[in-house]
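The structure appears below as structure tokens.
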Amino acid sequence: LNCYNFFFKFFGMSTTKKVEQQPKIKATRFRITLCSTKLSDVEQVVKDILRKAKNNKVAVAGPTRMPVKNLTVTTRRAPSGQGTQTFERYTMRVYKRVIDVSASSDILKKITSIPMAPTVDVVISVRQ
């Protein structure tokens, strides 16, 4: 064994194999916020994003379920003000989910390139 090491050192060779190191792409933390008035649409998009993130081996935290916003509008039924005072109540619920992803921007594009319902709003922000 020592003879071989002497031989390799004499001719300027190394006894250890050089392993090609791939350049590491710096992962950035992104926050994906999903909002919609339809719960089923939001849950479907969340499921698709998590499936794609798992396929790309990306670190994911979430989905975090934010409190439901109930927006209520109360109006009079009779526009003239005559008659009995009856009111109409309209409510709209807004569902919100937050997913934190640690990945490069190229992988994030792959994850978020999924078909979504038009009722779902997506906001992607960079976290520090």
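Solvent-accessible surface (1.4 Å probe) assigned to L71 amounts to roughly 90 Å². Amide H to amide H, with H built 1.01 Å from N, S104 comes under 5 Å of T28, counting only residues 5 or more places away or on other chains. Annotation: D41 carries an accessible surface of approximately 30 Å², with a 1.4 Å probe and no ligand, DNA or RNA atoms counted.
Just need the relative contact order of the range 39-128 here, percent rounded to a whole number, with Cα pairs under 8 Å and 6+ apart.
That works out to 37 percent.
If R0 equals 35 Å, the separation of the Cβ atoms of I124 and Q82 corresponds to a calculated FRET efficiency of about 0.10.
Placing a label point 7 Å from the Cα of V94 along the Cα-to-Cβ line, the residues of the range 59-86 whose backbone N sits under 14 Å from it are 66-73.
With K and R counted +1 and D and E -1, the other residues having a Cβ less than 11 Å from that of I107 yield a net charge of +3.
Could you list the residues of the range 103-128 with an amide nitrogen less than 16 Å from a label point located 7 Å from the Cα of K38 in the Cα-to-C-beta direction? Of the residues in the range 103-128, 115-122 have backbone N under 16 Å from the label point off K38.
Each residue of the range 87-100 is assigned a 3J(HN,Hα), and the resulting list reads 10, 10, 10, 10, 10, 10, 9, 10, 9, 9, 10, 10, 10, 9 Hz, derived from the Karplus form 6.51 cos²θ - 1.76 cosθ + 1.60 (θ = phi - 60°), x at Gly and Pro.
The values are calculated or read from the model by the stated rules, or taken from the named source; none is laboratory data. Since the model is a prediction, treat every value here as computed from it, not as a measurement. Reconstructed Cβ throughout: ideal geometry from the backbone, glycine too, with neighbour counts over all protein chains shown. Keep in mind that these areas ignore ligands, DNA and RNA; they rest on the heavy atoms of the full protein, side chains included. Shrake-Rupley method; radii C 1.70, N 1.55, O 1.52, S 1.80 Å.
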